[in-house]
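Report on one structure; see the data block that follows.
Quick note: the coordinates plus some simple rules give every number you see, no bench work behind them. Fair warning: this is a prediction, and the values are worked out from it, not measured in the lab. Positions of Cβ are generated from backbone atoms using ideal geometry, with glycine treated the same way; all protein chains shown enter the neighbour counts.
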Amino acid sequence: MRILTLAPALVLLVAGCASTVTTNRYDTELQTLSQECTARGGILAPTGQQSGRPQLDNVCKITGGASRLTSGG
């Protein structure tokens, strides 16, 4: 009988830990992606997608730098 009482609490505990690990992984990957984008001279911008993978949910917009278009004469 005691097992039936403790089982739901154990399930909630495990479920809580699983969601925490996923959030930390996403944040870590997002931070790495942001640093790589900044190193390339860009700004990380959302795509509007929500896949759970920062590589698909964001795009690195390069600001400034070389351009194939010339300015002036």
Query raised in the report: Relative to the present Cα-Cα distance, how much length would full extension add between Asn24 and Lys61 at 0.36 nm per residue of separation?
Result: 10.9 nm
**Report entry** Sites Leu12 and Thr38 - FRET efficiency at Förster radius 30 Å, r taken between beta-carbons, to 0.05
**Finding:** 0.15
**Report entry** In order through the range 39-54: 3J(HN,Hα) via Karplus (6.51 cos²θ - 1.76 cosθ + 1.60), integer Hz, x for Gly, Pro
**Finding:** 5, 8, x, x, 10, 6, 10, x, 8, x, 8, 10, 9, x, 10, x
Query raised in the report: Given H placed 1.01 Å from N in the peptide plane, which residues other than close sequence neighbours of Asn58 have an amide H under 5 Å from its amide H?
Result: Thr47
Query raised in the report: What distance in nm separates the simple spin-label points at Gln31 and Ala45, each placed 7 Å from Cα in the Cβ direction?
Result: 2.6
